[in-house]
């Protein structure tokens, strides 16, 4: 049996020779129930996408690269500003789905932080658990992209480095129905202890999209394994799943993750 989990419902697929595509959907809430309360934990980043002319892309399909000679003035084909970051994206997405969405993140008292806050207010995201840091730069990315999807990311972590247990709103997190833990900086991993305590004592569900330091630590690390046992939905891409579990293929990775008592697993490829 293969299962999928969505914010407003779960679906189950029971393939058989006679009925290979039977799909059943069970909603998590009925119209009479109140909005699910969610908290997205992680980064908020202001992104600047810069489209590079095709003639600046060289190499072959397997290893393309941009050529940007020092001192050269290059006219770009497009510039786009967007709000990004794991917690930013999921909180906005959940608000659009009708959830009572909140965010636990950190931004600076600068123009980029102001733009992120304006976007949260416009989208109806609760920012009571968001921290504003003075004299710090909001996390900022410049994404150099090509016409075929090639890209290079120039990244300043900025205030995302300040997401740690000293400013994490434990009380607010304990009152939501669902927490979404996104990529976090290594020094912010102490938040995991707070989450485990909340998940042990409260009927709160967790979606987890592990960051680089957690992927590097692997599923055999004690705290990671404990957090996995409290995870309702785990989200990874194929490369992350293989590295996280130390497995040679996706099937083995799924097996290892299920042994950690994860309820639902989503592995993307492409």
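The values are calculated or read from the model by the stated rules, or taken from the named source; none is laboratory data. None of these values were measured; they are calculated from a predicted model. Neighbour counts are summed over all protein chains in view; Cβ atoms, including those assigned to glycine, are modelled from backbone coordinates with ideal geometry.
Overview of results
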read-out: Qualifying residue in the stretch 145-159 (condition: buried (at least 19 other Cβ atoms within 10 Å of the Cβ) and under 30 Å from residue 62 (Cβ atoms)); value: yes
read-out: All strands (runs of 3 or more DSSP E) inside the stretch 134-241 with 2 or more residues being more than 17 Å from the chain's Cα centre (by Cα) and either farther than 26 Å from residue 267 by Cα or without any contact (Cβ under 8 Å) to a residue 60 or more places away in the chain (or both); value: 140-145, 151-156
read-out: Whichever residue in the stretch 245-257 is without any contact (Cβ under 8 Å) to a residue 12 or more places away in the chain and surrounded by fewer than 14 Cβ atoms within 10 Å (Cβ to Cβ) and, among such residues, is nearest to residue 223 (Cα to Cα); value: 255
read-out: Some residue of the stretch 94-116 being over 30 Å from residue 58 (Cα atoms), part of a loop (DSSP other than H, G, I, E, B) and touching a helix residue (DSSP H, G or I) at 6+ places or on another chain (Cβ under 6 Å); value: yes
read-out: Residue match in the stretch 201-211 (condition: more than 21 Å from residue 101 (Cα to Cα), buried (at least 18 other Cβ atoms within 10 Å of the Cβ), at pLDDT below 95 and in contact with a helix residue (DSSP H, G or I) (Cβ under 6 Å, 6 or more places away or on another chain)); value: no
read-out: Of all residues in the stretch 118-133 being assigned to a helix (DSSP H, G or I) and touching a strand residue (DSSP E or B) at 6+ places or on another chain (Cβ under 7 Å), the one that is surrounded by the fewest Cβ atoms within 10 Å (Cβ to Cβ); value: 119
read-out: Residue under evaluation residue 80, criteria (1) within 30 Å of residue 115 (Cα to Cα); (2) in contact (Cβ under 8 Å) with a residue 40 or more places away in the chain, criterion not met; value: (2)
read-out: Test: residue in the stretch 66-76 that is over 21 Å from residue 170 (Cα atoms) and either in contact with a helix residue (DSSP H, G or I) (Cβ under 6 Å, 6 or more places away or on another chain) or at pLDDT 95 or above (or both); value: yes
read-out: Total residues in the stretch 61-75, condition under 29 Å from the mean Cα position of the chain (by Cα) and surrounded by fewer than 16 Cβ atoms within 10 Å (Cβ to Cβ); value: 5
read-out: Residue in the stretch 38-60 that is surrounded by the fewest Cβ atoms within 10 Å (Cβ to Cβ), counting only those that are in a loop (DSSP other than H, G, I, E, B) and without any contact (Cβ under 8 Å) to a residue 24 or more places away in the chain; value: 60
read-out: Which numbered condition residue 196 fails, given (1) surrounded by fewer than 18 Cβ atoms within 10 Å (Cβ to Cβ); (2) over 24 Å from residue 243 (Cα atoms); (3) touching a helix residue (DSSP H, G or I) at 6+ places or on another chain (Cβ under 9 Å); value: (2)
read-out: Tally, over the stretch 90-117, of residues that are out of contact with any strand residue (DSSP E or B) (no Cβ under 8 Å at 6 or more places or on another chain) and buried (at least 19 other Cβ atoms within 10 Å of the Cβ); value: 1
read-out: Hits in the stretch 83-116 (condition: without any contact (Cβ under 8 Å) to a residue 40 or more places away in the chain and under 14 Å from residue 137 (Cα atoms)); value: 109, 110, 111, 114
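Residues are listed down the side, and each one gets a yes or a no for (1) at pLDDT 95 or above; (2) within 18 Å of residue 163 (Cα to Cα); (3) buried (at least 21 other Cβ atoms within 10 Å of the Cβ); (4) in contact with a strand residue (DSSP E or B) (Cβ under 7 Å, 6 or more places away or on another chain):
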position	(1), (2), (3), (4)
213	no, yes, no, no
217	no, no, no, no
223	no, no, no, no
234	yes, no, yes, yes
243	yes, no, no, no
